[in-house]
Amino acid sequence: MEYTLAQLAEKVQGRVKGDPELRIDGLGTLENAQSHEIGFLANPKYKSQLATTSAGAVLVRSDELASVLDNAIIVKNPYLAFAALSHLFVPATQKWVGMDASCVISDSATIADNVVLAPNVVIDDDVVIEAGCVIGAGTVIGRGVRIAKKCLIYPNVTLYHDVIIGSDCIVHSGVVIGADGFGFAPTKDGWEKINQLGSVEIGNRVEIGANTTIDRGAIENTKIGDGVKIDNQVQIAHNVVIGDNTAIAGCAAIAGSTKIGSFCTIAGGVGIVGHLTITDCVHITAMSLVSKSILKEGSYSSGTGLEPTDKWRRSAARLRRIDDMAKQISKLEQQVNKLLTKG
């Protein structure tokens, strides 16, 4: 995992300033990178670190920024270039080969010849796993699950029955896909469970973070589109539909039957109530509560910004009085209008 600066520049369609034969064997931050590593400047507020960095080279946006460096790769988008180079420096990890003898596999399962099954994988009836998949230790795959080619399923994932996963997906440890949605009908004696008869469909090139849960549909399927990226500890309820290439950050929660469009970003801790529609290209900022549909693209926020506690308490008290204040202002406007009319 060592490359010349010229080889890295070719990978990211960049231009070298300095020594094209400089050898690089890793990535680093401007603050901590060493002489054999390459850093990147994506945020202008770290520009001052260019003068002090020990990085062997830096990904930068312009010749002006590169002028203070001995070695650089000049690219249009340093952060995107950093993402591309990160694939070259993945640390070596233990790789299981073939199917471990401890696995429990149904006779009716169909598993491609070059699938890797780590220890203690359990595969139920009528499962289909296509070529190039790697299934981590302790993963349980329920009856009728379909996993398309080149998926990476990390250890201790649970896929309930009839879940469908597209190709080139990554599912991290602790993920549960296809558990029952939260469906109960009230009765005078308590709650009557509604059996969840649908399943979950995951598109291609989807990545799902650790300990995220995606519930199966009540009747129709919960659907996750192609290219969707989901962070850790996200809750997606039954019959939710998420459009292609939407990204959802950690601890977000989406209630049942909500439809989210394509190319949306849902920031950390966002709560979205059920049965809403969110159109394409919507950005929802962190910790917002979405309680009504969003039908126009753009950025949306809710709540109040962080303040010292005593100031926040005063603001909260005023917010509770806002309805009374609005009524008082309305009365004053009426009185002023009467005086102007008389005048």
Only Lys, Arg, Asp and Glu count, each charged at its Cβ (+1, +1, -1, -1), so figure out the dipole size of the chain about its Cα centre, rounded to 20 debye.
2080 debye
For the range 216-343, state the semi-axes of the equivalent ellipsoid (square roots of 5 times the eigenvalues of the alpha-carbon gyration tensor), sorted largest first and rounded to whole angstrom.
40, 19, 13
Between the range 29-64 and the range 163-204, the alpha-carbon center distance in angstrom:
45 Å
Take the alpha-carbon centre of the range 230-251, take the same for the range 94-154, and report the distance between them in whole Å.
25 Å
Please give the solvent-accessible surface of Val75 in Å², to the nearest 10, using a probe radius of 1.4 Å with every protein chain present.
10 Å²
In Å, the Kirkwood hydrodynamic radius of the chain over pairs of distinct alpha carbons?
24.0 Å
Rolling a 1.4 angstrom probe over the protein chains, ignoring ligands and nucleic acids, what is the accessible area of Met287 in square angstrom, nearest 10?
140 Å²
Could you tell me which residue out of Thr110, Ala83, Trp96 lies farthest along the dipole of the range 76-144 toward its positive end? Charges go on the beta carbon: Lys and Arg +1, Asp and Glu -1, centred on the Cα centre.
Ala83
Looking at the range 66-176 from every direction and averaging, what is the projected area of its Cα convex hull in nm²?
8.9 nm²
The ³J(HN,Hα) series, computed from each phi in the range 101-118 with the Karplus coefficients 6.51, -1.76 and 1.60 at θ = phi - 60°, rounded to the nearest Hz and given as x for glycine or proline, is 5, 7, 5, 10, 10, 5, 5, 8, 6, 10, 10, 4, 4, 9, 7, 9, 10, 6
Most mobile of Asp125, Asp107, Asp168 in a GNM of the chain (Cα contacts under 10 Å)
Asp107
Summed side-chain charge close to Ile141 - residues other than Ile141 whose Cβ falls under 12 Å, Lys, Arg +1, Asp, Glu -1:
-2
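The values are calculated or read from the model by the stated rules, or taken from the named source; none is laboratory data. This structure is a prediction, so every number in the text was calculated from the model and none was measured. Every residue, glycine as well, gets a Cβ built from its backbone with ideal geometry; the counts of neighbours run over all protein chains shown. Quick note on the areas: whole protein, heavy atoms, side chains included, nothing else; ligands and nucleic acids left out. Shrake-Rupley method; radii C 1.70, N 1.55, O 1.52, S 1.80 Å.
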